[in-house]
Amino acid sequence: MTNKRYFRFLSWLLLLWISPSCFGQVIRVRIINGENGHPLPKQQVSVTLLYDKKYDKEIPAKYDAVLNRETDANGKAHFKLPEPPPVHFSALVPVDWSRWKCACGILGSTDDLIQKGIMWPEPTNKSKNSDALFMAAPGEILFVFHPLTFFERVFYPLLKD
């Protein structure tokens, strides 16, 4: 009875020790309105996994190079990275230029994303964006959209062609 219990304990311990390496890292993309911090739902988000033999020691045999999602009611989209994750990635949010200003594409380091998080574009006015709502958490890409001003909306149809 004791050996059986000991074997069961070792089996669970081994399973718990190995399990984190069996599952890919989950990253999140969050999109907010830069004026009020409200989430922007139903935005298309694309994350491209940029594996390269020059930088990546190991490339998975099967993986989707381009992952597409739509943000939920909280302005968030979740993506599961394959194991091992790529050294670099790109993320893109197609934007309605008639309503929003945004640098909505980024090329980044997966390590930076997982360890620190990435806010894009980086804030120019630190005092305005000091709220935790305007900060990216580890494993998160935060895109900040800014609505067009009244004059930008009026002149947009004239400038788009």
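The values are calculated or read from the model by the stated rules, or taken from the named source; none is laboratory data. Values in this document were obtained by computation on a predicted structure and should not be read as measured data. Reconstructed Cβ throughout: ideal geometry from the backbone, glycine too, with neighbour counts over all protein chains shown. In case anyone asks, the SASA skips ligands and DNA or RNA and just uses the protein heavy atoms, side chains included. Shrake-Rupley method; radii C 1.70, N 1.55, O 1.52, S 1.80 Å.
Miscellaneous remarks
- Extreme residue, nearest to the chain's Cα centre (by Cα), among residues of the stretch 18-39 that are modelled with pLDDT under 95 and crowded, with 17+ Cβ neighbours inside 10 Å: Ile31
- Residue pairs whose Cβ atoms lie under 7 Å apart, sitting 6 or more positions apart in sequence or on different chains, and linking a residue in the stretch 134-145 that is within 8 Å of Val29 (Cβ to Cβ) to a partner that is hydroxyl-bearing (Ser, Thr, Tyr) and open to solvent by 30 Å² or more (accessible area, probe 1.4 Å), do not occur here.
- Across the stretch 43-98, the qualifying residues are those that are over 14 Å from Gly24 (Cα atoms) and among the basic types (Lys, Arg), and the one among them that is surrounded by the fewest Cβ atoms within 10 Å (Cβ to Cβ) is Lys54.
- Residue in the stretch 114-126 that is modelled with the lowest pLDDT, counting only those that are surrounded by 12 or more Cβ atoms within 10 Å (Cβ to Cβ) and outside any strand (DSSP E or B): Pro123
- Residues located in the stretch 127-161, provided they are at pLDDT below 70, open to solvent by 30 Å² or more (accessible area, probe 1.4 Å) and polar (S, T, N, Q): Ser127, Ser130
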